[in-house]
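Student: This is the structure I have questions about; it appears just below.
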Amino acid sequence: MFIDTRGVEEGVEVEATICIIGAGVAGITLALEMHRLGIDTCLLESGGYKADDETRDLYRGENIGLPYSFADGSRSRFLGGSSNCWGGWCRPLDPWDFDKRDWVAHSGWPFGLDELAPYYASTHGFLKLGPNNFDPAYWEGAIGRADVRRVPLVTGEVRDTVSQFSPPARFGKLYRQDLDRSTHVRVFLNANAVHIDTDSEAKTVKRIRVATLSGRHMTVAAKHFVLATGGIENARLLLASNEVQAAGLGNGNDVVGRFFMDHPRLTSGSVRFTKAWARNKLYDIKYHYQNAAVSANGTFISSQFALTHEVLEREGLLNSRMWFYSLFYGEGSAGAEALIRCKQALLRKDQPGWRLRDDLATMAAHPIDTVGFGVTRLLQPRPLITDVKMQAIVEAAPNRDSRVTLSALRDRLGMPRVKVEWRLDELVKRTFDRTFALVAEALRAGGVAEVTLDAPLQGRAWPDALEGTWHHMGTTRMHDSPKEGVVDRNCKVHGMSNLHIAGSSVFPTVGANFPTITITALALRLAAHLAEALGNPEAVIASTDTLGGERRGMESKTMEALPFAASSLAHVGAGGRAAKD
């Protein structure tokens with residue numbers, strides 16, 4: 001059931017067994033599991049069904065580190081969260097991403113891949129992925145095209161890997177009907193959590209204070225609370241909830257907000273393929289996403305190069321992924337950029353301030369660049385591909401001084417805005433340098449291509465071309481020791497009895513794979529843990545079949561709206577009322 005908080009009576013208190021703050025991938029996954037297990041749940045979402053400028057403004061803050069964009073266009077503050085601007089990349093972390101590494105300070109998870117593997121398998125139903133198979137040989141055979149082939153990697157220092165693409169799953173649209181029809185989940189829209197209230201010792205959360213931009217207030221009381229607002233906002237709310245603990249909740253050891261990580265991305269070098277490999281699409285990012293040539297049985301994939309585990313250990317490197325990046329005719333021009341924005345709109349990505357008529361006018365003013373880029377992107381004629389470069393993302397090393405703190409500035413709700421200080425160390429530069437060099441040598445040795453490398457990064461300032469991938473991670477990291485982490489291995493805040501955190505902010509280290517599938521797996525694991533803590537005998541992992549069957553059952557139900565609404569609001573309080581958005 002959906003409830004517009006702007007229509008709830010001022011000062012009302014809502015009661016639930018579970019309160020989830022944030023309706024993005026982690027929050028909606030948890031809510032769907034709570035419905036399946038029959039657990040009364042309140043889900044709070046800051047926005048509505050679509051983006052709006054006033055709510056989006058709540059994300060804005062100050063950047064005080066490396067040049068970095070962390071608000072507009074990189075996060076979406078409405079139902080579905082960042083799934084609204086997600087590209088759909090999915091691949092589990094590598095086994096060694098969970099390990100403690102001597103050359104990477106603060107590395108290591110409290111558990112290994114084997115703990116998360118069954119939950120990874122269950123994510124495929126939620127994310128609309130293909131089979132739980134990431135073997136490059138399997139996908140090469142399944143695709144069966146001459147222009148989609150694995151390259152020979154004869155040096156033994158480089159391997160190829162596969163990622164799958166979610167359609168991408170826009171959680172707010174995909175699961176809206178399920179949530180609306182749920183008999184166990186109430187979703188409060190336009191509901192901004194502004195403070196976490198605890199007992200006098202900050203050991204037990206009593207309630208969440210909620211405010212709307214229209215000036216309405218309410219509170220939510222529950223047995224267990226889950227913070228699922230993203231890698232920046234999770235830290236912000238903990239730090240701002242400082243009425244009992246001056247440094248913020250869970251921050252007795254000054255860890256909240258520290259270890260902020262994102263995957264840095266750079267494009268470098270120039271690749272000249274031999275004739276036999278000039279048209280191969282398997283490793284070129286420009287041919288991925290919705291390209292039927294790089295798909296099998298309805299699942300789109302992407303292949304990337306990675307250094308082997310042995311090389312990473314031998315040279316003391318971070319994990320990384322590298323692919324080719326073709327430059328098309330007209331690329332970077334105003335017309336091409338307008339065309340790209342129009343495509344993103346078709347994919348329903350959140351683009352603040354985007355207007356179709358403006359981009360149509362831009363394309364009309366630059367017809368040659370627009371048509372040239374569009375034709376090259378669509379038909380991929382080799383004469384119109386002006387260059388091929390290497391592009392890589394690298395694991396960010398945990399760094400205590402890379403952090404999210406509170407600003408002196410405040411938003412419309414009176415909440416302190418954030419200051420984000422993104423820092424990267426020399427090990428990241430060395431990993432970029434060695435990844436590009438070792439992949440170039442493997443391509444030359446295999447007769448695939450000759451590569452001209454750019455100057456090494458080590459010893460120089462970061463280039464202006466450095467960008468993040470908007471994977472906000474690490475700020476409430478997981479560790480068995482409260483001195484090293486904010487949450488324990490079960491994602492419960494150290495020293496607190498009923499506050500849990502979901503999402504990529506709990507990642508201790510981040511590998512070089514895309515975080516959404518791991519966010520979903522951890523949310524499923526947390527759901528099972530919460531159900532077990534509540535004594536639910538059905539606290540089991542949801543399989544893909546179980547999820548699909550549950551959805552089909554929900555879709556076939558005939559809801560009796562009036563009794564359902566009355567029972568859903570039974571705990572709102574005397575005189576409480578709600579308006580459905």
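Student: Would you work out which of TYR289, PRO367, SER303 lies farthest towards the positive end of the dipole of the chain? Charges go on Cβ: Lys and Arg +1, Asp and Glu -1.
Tutor: Toward the positive end, the furthest listed residue is PRO367.
Student: Separate question: Starting at the first residue of the stretch 188-204, write each ³J(HN,Hα) from the Karplus equation 6.51 cos²θ - 1.76 cosθ + 1.60 with θ = phi - 60°, in whole Hz, x for Gly and Pro.
Tutor: Per-residue couplings from phi come out as 9, 8, 6, 10, 9, 6, 10, 6, 9, 8, 10, 6, 5, 9, 6, 9, 9 Hz.
Student: If you don't mind, there's one more thing I want to ask. Taking every alpha carbon pair in the stretch 133-205, what does the distance histogram look like in 5 angstrom bins from 0, in percent?
Tutor: Per 5 Å bin, starting at 0, the Cα pair percentages come out as 3, 10, 10, 11, 9, 8, 9, 8, 9, 9, 8, 4, 1, 0.
Student: Which value, in debye to the nearest 20, describes the size of the charge dipole of the stretch 94-142 about its Cα centre when Lys and Arg Cβ atoms bear +1, Asp and Glu Cβ atoms bear -1, and nothing else is charged?
Tutor: Around 200 debye, computed over the stretch 94-142.
Student: Using only the C-alpha atoms of the stretch 155-196, find the volume of their convex hull and express it per residue in Å³.
Tutor: In the stretch 155-196, the Cα convex hull volume per residue is 204 Å³.
Student: Another question, if that's okay. Report the Rg/Rh value for the chain, based on alpha-carbon coordinates and the Kirkwood definition of Rh.
Tutor: Rg/Rh for the chain comes to 0.97.
Student: Give me, ordered by chain and number, the residues 5 or more places off ARG207 or on other chains with an amide H under 5 Å from its own placed amide H.
Tutor: Under 5 Å from the amide H of ARG207 lie the amide H atoms of ASP197, each far enough along the sequence or on another chain.
Student: Grab the alpha carbons of the stretch 224-276, take their convex hull, and tell me the volume per residue in Å³. Mind dumping the intermediate values first?
Tutor: Working: hull volume 8.3 nm³, N = 53.
Hull volume over Cα atoms, normalised by residue count, gives 156 Å³.
Student: Putting +1 on Lys and Arg Cβ atoms and -1 on Asp and Glu Cβ atoms, find which of ALA278, LEU424, THR5 reaches farthest to the positive end of the dipole of the chain.
Tutor: ALA278
Student: Considering only C-alpha atoms, what is the centroid distance from the stretch 1-51 to the stretch 484-525, in Å?
Tutor: One Cα centre to the other: 20 Å.
Student: Here is a follow-up. Could you pull the Rg and Dmax for the stretch 52-105, using just the Cα atoms, both in Å?
Tutor: Over the stretch 52-105's Cα set, Rg and Dmax evaluate to 16.3, 46 Å.
Student: At a Cα cut-off below 18 Å, give the aspartates and glutamates reachable from LYS281, other chains included and same-chain residues fewer than 8 away excluded.
Tutor: Candidates past the 8-residue exclusion: ASP135, GLU140, ASP147, ASP160, ASP387, GLU450.
Student: Further, regarding this structure: Cut-off under 25 Å on the C-alpha distance; same-chain residues fewer than 8 positions from LYS100 excluded. Which lysines are left, in chain and number order?
Tutor: Partners within reach: LYS429, LYS483, LYS492.
Student: Please get the size of the charge dipole for the chain, origin at its Cα centre, with Cβ charges of +1 on Lys and Arg and -1 on Asp and Glu, quoted in debye to the nearest 20.
Tutor: 1080
Student: Which listed residue (ASN192, LEU153, HIS217) has the Cα farthest towards the positive end of the charge dipole for the stretch 147-220, taking +1 on Lys and Arg C-beta and -1 on Asp and Glu C-beta about the Cα centre?
Tutor: Towards the positive end, the residue furthest out is HIS217.
Student: Give the separation of the Cα centroids, the stretch 129-175 to the stretch 421-480, in Å.
Tutor: Spelled out, the Cα-based centre of one part sits 22 Å from the other.
Student: Restricting the count to DSSP beta bridges whose residues both fall in the chain, what percent are antiparallel, rounded to a multiple of 5?
Tutor: 65
Student: Determine, for each peptide in 200-206, 25-31, the mean count of other beta carbons within 10 angstrom over its residues, then list the peptides with the highest first.
Tutor: On the way: 200-206: 15.0, 25-31: 29.6.
Ranked from most to least packed, the peptides come out as 25-31, 200-206.
Student: Just subtract the alpha-carbon distance of ARG150 and SER200 from 0.36 nm times their residue separation and send over the number in nm, one decimal.
Tutor: Stretched out fully, the ARG150 to SER200 stretch lengthens by 11.9 nm.
Read the figures in this text as sums done on the coordinates, not as results from a lab. Every value quoted in this text rests on a predicted model; they were computed, and no experiment measured them. As a convention, Cβ positions derive from the backbone with ideal geometry for all residues, glycine included, and neighbour counts pool all protein chains shown.
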